[in-house]
1. For the stretch 34-57, which residues satisfy the criterion of being hydrophobic (A, V, I, L, M, F, W, C) and either more than 8 Å from the ligand (Cβ to nearest atom) or crowded, with 24+ Cβ neighbours inside 10 Å (or both)?
2. Does the stretch 73-106 hold any residues that are over 25 Å from K12 (Cα atoms) and not acidic (D, E), and which are they?
3. Keeping to the stretch 196-208, report how many residues are surrounded by 23 or more Cβ atoms within 10 Å (Cβ to Cβ) and small (G, A, S).
4. Return the pair list, or none, for Cβ contacts closer than 6 Å from residues in the stretch 180-202 that are over 18 Å from P222 (Cβ atoms) to residues that are more than 8 Å from the ligand (Cβ to nearest atom) and of a type in the set (K, R), at least 6 apart or on different chains.
5. Under 7 Å between Cβ atoms, which residue pairs at least 6 apart in sequence (or on different chains) link something in the stretch 60-71 that is within 14 Å of S13 (Cα to Cα) with a partner that is assigned to a loop (DSSP other than H, G, I, E, B)?
6. Out of T17, T51, T70, T10, which single residue is at pLDDT 95 or above, at negative phi, in contact with a Lys or Arg (Cβ under 8 Å, 6 or more places away or on another chain) and not small (G, A, S)?
7. In the stretch 78-131, which residues are touching a residue at least 60 places away in the same chain (Cβ under 8 Å) and within 14 Å of C157 (Cβ to Cβ)?
8. Tell me which residues, restricted to the stretch 41-89, are under 18 Å from I23 (Cα atoms) and touching a Leu at 6+ places or on another chain (Cβ under 7 Å).
Amino acid sequence: MTLLKLFDLTGKSALVTGASVGIGRGYAAALAQAGANVAVVDVDEKTGQKTAEQLKSYGIQSVFIRCDVTKKDDVNAMVAEVAASFGRLDIAVNNAGIGILGPDEDFSAEDWNKVIAVNLTGMYYCCQAEAKQFLKQNPVQGKIVNTASMSARIMNCNASYNGSKGGVVAMTQMLAAEWGQYNINVNCISPSYILSPMHASTPVEVRRRIRELTPLGYVERPEDLYGAVIFLASDASNYITGHDLLVDGGHTLNAWLTPLGRSVPPRVSPEEETVQLKNDLDALGLSYDADGINTDLHPEIANAFKAAFGLK
Ligand SMILES: NC(=O)c1ccc[n+]([C@@H]2O[C@H](COP(=O)([O-])OP(=O)(O)OC[C@H]3O[C@@H](n4cnc5c(N)ncnc54)[C@H](O)[C@@H]3O)[C@@H](O)[C@H]2O)c1
């Protein structure tokens, strides 16, 4: 196989959960550009349909499938529909996730259960259904890529979110150990703070502080994960399983001892950081200012950052 072929996904069949916007939409665009047919899986039907339509411009097939990953029957039906639409399943990217903020001493059982239901249990249902599909196919093999987070390594949100992401990493490793015998690779990707709709309300001053705390000097964007997802979905990673691929610009290096400031500009400017975020907000039909900020979408995340940085 030539080196270029290693990363080629032409004709492969892929699904991405939580793909209507944000990181999932970025993964879907990357897989489509590498040649895979992509099923956009989400609870948000209106935006998901638009995303699936846009993916067709890469010359691949794309379908939208409505699925709530917390419902096992939905998940089983979704995987069957992907296999029926594209003839088989080769690549499954389990990415749907939510966060609910709040201090742990007062966190309700209901909120705890909601976060765990999507981020951990829903992801488990997806992995199970996908592995069963891989086992039905000839040859038996497949690639599963789960979205974890740097929040499995640095403690920055609360026990439900950070605990769920730590769980994703451990679950990924266990399934990799179990399913290696079936030629199924199970890996995860851990992003840092990404300018997805989850961070649409995060103010400019907070972004500036994140840049300063990140050696590569810019705030991560969904497209910064393109290489990671193609790598883990393609033959290039055939001997890699149970790996948590951290993609964080060096943020978790906690580089407070190194001199602040930069000697050369970062590869990505503040304006370029927001291109994909603005596309996501357009797809959602939401307005935003010149910096791509919509203060109504996730004010709780903006407030938590402001409090952490001591900003008004
Ligand atoms: N944005 C970040 O800073 C960041 C950092 C690290 C990890 N992550 C993780 O990346 C993943 C994607 O995050 P994002 O920032 O793109 O989020 P987002 O909120 O912008 O998008 C999440 C998508 O998932 C969908 N979704 C939510 N619940 C669902 C369910 N039950 N079933 C199916 N789809 C559902 C939503 O409709 C939405 O389209 C999540 O797992 C998140 O925890 C995000």
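1. Passing the criteria: A34, A36, V38, A39, V40, V41, A52, L55.
2. Answer for the stretch 73-106, where residues must be over 25 Å from K12 (Cα atoms) and not acidic (D, E): I98, G99, I100, L101, G102, P103.
3. The number of residues fulfilling the criteria is 1.
4. N185/K143
5. Listed by first residue and then by second, the contacts come to I60/G35; I60/A36.
6. Among T17, T51, T70, T10, only T51 is at pLDDT 95 or above, at negative phi, in contact with a Lys or Arg (Cβ under 8 Å, 6 or more places away or on another chain) and not small (G, A, S).
7. Matches in the stretch 78-131: G97, G99, I100, L101.
8. V41, T47, S62
The values are calculated or read from the model by the stated rules, or taken from the named source; none is laboratory data. Owing to the predicted nature of the structure, the values given are computational and were not obtained by experimental measurement. Please note: Cβ atoms are built from the backbone with ideal geometry, for glycine as well, and neighbour counts cover all protein chains shown.
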